[in-house]
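**Q** Below is the structure I would like to discuss, written out as structure tokens.
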Amino acid sequence: MEGPTVESYRPDHPDIRADFIIPQGWDQYTDEEHGVWKTLYERQMKLLPGRACNEFLDGLTSLKMSEDQIPNFDEMNEHLMKLTGWQVVAVPGLVPDGIFFEHLANRRFVSGNFIRRPDQLDYLQEPDIFHDVFGHVPLLTNPIFADYMEAYGKGGLRAMRHDCLQNLSRLYWYTVEFGLINTPEGMRIYGAGILSSKGESIFSLDDASPNRIHFDLPRLMRTKYRIDDYQQTYWVIDSFEELFAETAGKDFGPIYEELPDLGAYEPWDVLAKDKVYTQGTQEHAKSKGRMPIHAA
Ligand code: PHE
Ligand code: FE
């Protein structure tokens, strides 16, 4: 299934506002919770130099991202606001689509205020503060990516009116969450879902299983995705300029007209017209029984 269900919202917080914002409550984090942040931070920083794109690594530096404690949003926002005019706001968990887009369109990035437990370091279904802040916020210091995210928020509100949210969600998934980028030094990661995961930071770049295909908007908007395991296809951009030009620079109206009549592609499909960097073996997905028999 794609997209959250109503049950996954937790609007029962005592101080929740109509736009779902809550106080971060930084003073209430325990030493154990700060310790989880420190452990995850150290673990990712052993891996990411040479794997994450420079824009992400530079963002950590210019934000003075907190290494051994959960970041305090007020402090982080002072840096972020000066750099690109973005802010991070706390919410209790996933929020309804319209609320999410409205915040993005106004350069507010929503983050869960809770952190995973020590026994959940490798896998967690809901986005926690490590994913949301470590994974997403550094790139918001990049002017082009910052503009892309705002445009995406506005585009989300438009997609809702066209009933094409599922297609637009795939764009977010395959770029903001799981995107790869070509650089002069080689392929690098910019997707937050990868950057906040130890296993996928290695798998996405080094494993022979997944496909790696050049970004193609209409193609990607028709491709289903996995939420329960590593991706079976990663989409690769040449630059954030390219990503911006191909999305914010295009009118999706005509695409939205056509999409309902076109079928969806499976997460592992490779088409003759795809610009393929790696044709994956899909060994990983097969080993988990996640490929149909005829494709195995
Ligand atoms: N250009 C898109 C539209 O016309 C909006 C958009 C911008 C979508 C950036 C995604 C990212 O709807
Ligand atoms: Fe995310």
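The values are calculated or read from the model by the stated rules, or taken from the named source; none is laboratory data. The structure presented is a predicted model; accordingly, all values stated were derived computationally and were not measured. Here the Cβ positions follow ideal geometry from the backbone for every residue, glycine too, while neighbour counts run over all protein chains shown.
**Q** Step by step: first the residues of region 12-24, then only those that are out of contact with any Asp or Glu (no Cβ under 9 Å at 6 or more places or on another chain) and surrounded by fewer than 15 Cβ atoms within 10 Å (Cβ to Cβ), then the one that is modelled with the lowest pLDDT. Which residue is that?
**A** D12
**Q** Another one. Given A90, A105, which one is more than 16 Å from ligand 2 (Cβ to nearest atom) and within 30 Å of N167 (Cβ to Cβ)? If you could, list the steps in order and put the result at the bottom.
**A** Details: A90 fails: more than 16 Å from ligand 2 (Cβ to nearest atom).
The match here is A105.
**Q** Consider region 169-216. How many of its residues are buried (at least 23 other Cβ atoms within 10 Å of the Cβ) and part of a strand (DSSP E or B)?
**A** Qualifying residue count, region 169-216: 4.
**Q** Looking at (1) within 9 Å of ligand 1 (Cβ to nearest atom); (2) over 12 Å from the mean Cα position of the chain (by Cα), can you tell me which one L165 breaks?
**A** (1)
**Q** Okay, next question. Could you check, for region 231-250, whether at least one of its residues is assigned to a loop (DSSP other than H, G, I, E, B) and farther than 30 Å from I144 by Cβ? Explain how you work it out, then say what you get.
**A** Step one: of region 231-250, the residues assigned to a loop (DSSP other than H, G, I, E, B) are 231-232, 238-239, 248-250.
From what is left, the residues that are farther than 30 Å from I144 by Cβ are none.
No, region 231-250 contains no residue that is assigned to a loop (DSSP other than H, G, I, E, B) and farther than 30 Å from I144 by Cβ.
**Q** Which of the residues spanning region 231-244 are more than 10 Å from ligand 1 (Cβ to nearest atom) and either out of contact with any His (no Cβ under 6 Å at 6 or more places or on another chain) or over 12 Å from Y174 (Cα atoms) (or both)? Before the answer, list the steps.
**A** Step one: list which residues in region 231-244 are more than 10 Å from ligand 1 (Cβ to nearest atom), which gives 231-242.
Selection gives Q231, Q232, T233, Y234, W235, I237, D238, S239, F240, E241, E242.
**Q** Here is a follow-up. For region 183-212, enumerate the residues that are over 13 Å from A285 (Cα atoms) and of a type in the set (A, V, I, L, M, F, W, C).
**A** Those that are over 13 Å from A285 (Cα atoms) and of a type in the set (A, V, I, L, M, F, W, C): M187, I189, A192, I194, L195, I202, L205.
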